[in-house]
Structure formats: structure tokens, C-alpha cells
Amino acid sequence: MTWFLAATLPFFAQPALADITVRFVESAPKDRFVISSDTCPLQDVGMVIDLTGSAGGLIFDVTANGAGVEVFQPVEVQNGAVTAQPVVDGDQQLSFTINGLSAGNDVIISADLDDVLADSSLGQIRVAGSELDGAFVQMTIAGETQTTVFADSANTVTLPHSCLS
């Protein structure tokens, strides 16, 4: 009986489930995207933050003479082993790969986001939660892709995944 249990137990084991959380933090002079994995380490995770459908028409403001307003900041990885694609002024998409992240730690990417609304509640240099609505995050782990959309003025989205990455 013992050998039977030892042989069949792996077929009944469920992979551990975890959440990857992506949170936008409005701040001055740099805004931040904070990516967290609560339970599992992450490796070779493709991420895209796409602002194209955002209610505020959000853009990355990375130069003084570009599409943004007043203050500008380059897109920078502040914490984590990340490879990011270059972002030019006025871009609405940030693509990067999380090369490695231990459970309980964060990837932090700073940037300056501006809205392009003629009349925005916080002015074009600051982002209100509702202006992020419609933007989405796409994650690819082990060939599987998931997408989630910022909504209801929440600056946080969650993507569930198994710990097998």
C-alpha cells in the first residue's frame, strides 16, 4: 500500500497558486510600477504594460521637449533583475522581462506618466486612478499569456498563476 501511495501521490498534487500584483504608484518626481509575487519566485516572465486604452490617454514622458508636460523622467529599473525595452517620449507601452525575482520581493520600475486630457482632475503631470482605467498588463510565463485590465479607479491589478514558471 505504501508504494501505491508514493507512486500515485504526484498525480494528485496540485501546483501551488500565487498572485502577481502590478501596482501603479503616483508620486513626484517619479511614478512607479511595483510588481510583486507573494509566494513563488519568478524567472523569465515577459511583461507588457500597455497604456493605449487608458481613459487619460496616458503616455511615458521621458524628455524635456516631447509629448509630456513639465517634469520628465527616464524609465528606470530601480529594483529587480529586469531587462526592459527602450521607451521613447510619448510611448504608451513598456515591455520587459523579469529575469529573476524571489518570492516576497518587488520589481520596481520608475517613470513619469502624463495624461493628454485637456481638462484632467489632477492636471496633466499627475495621474488620477480613473485615468489609468482601460490600460492593461499582459504577462507571459512558460508560454502561457494572461491579460488583466486596470478598472474602477484601482491602481492595482492581479494576475493569478501557478508556481511553475
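When ranked by the protection proxy of mean other Cβ atoms within 10 Å per residue, highest first, what sequence do the peptides 106-114, 138-146 form?
Details: 106-114: 22.6, 138-146: 13.9.
Going by the mean number of other Cβ atoms within 10 Å, highest first, we get 106-114, 138-146.
Solvent-accessible area of residue 149, all protein chains in place: 80 Å² (probe radius 1.4 Å, heavy atoms, ligands and nucleic acids excluded). Taking other residues whose beta carbon is less than 11 angstrom from the beta carbon of residue 150, and scoring Lys, Arg as +1 and Asp, Glu as -1, yields -3. Neighbours of residue 84 by Cβ distance under 13 Å: Lys/Arg scored +1, Asp/Glu scored -1, total -2. For the stretch 17-117, the fraction of 1.4 Å probe accessible surface lying on carbon and sulfur atoms is 49 percent.
The values are calculated or read from the model by the stated rules, or taken from the named source; none is laboratory data. If you're wondering where the values come from, they're calculated on a predicted model, not measured in any experiment. Don't worry about glycine lacking a Cβ; one is built from the backbone with ideal geometry, like all the others, and counts go over all protein chains shown. Just the protein is used for accessible areas: all its heavy atoms, side chains included, with ligands, DNA and RNA removed. Shrake-Rupley method; radii C 1.70, N 1.55, O 1.52, S 1.80 Å.
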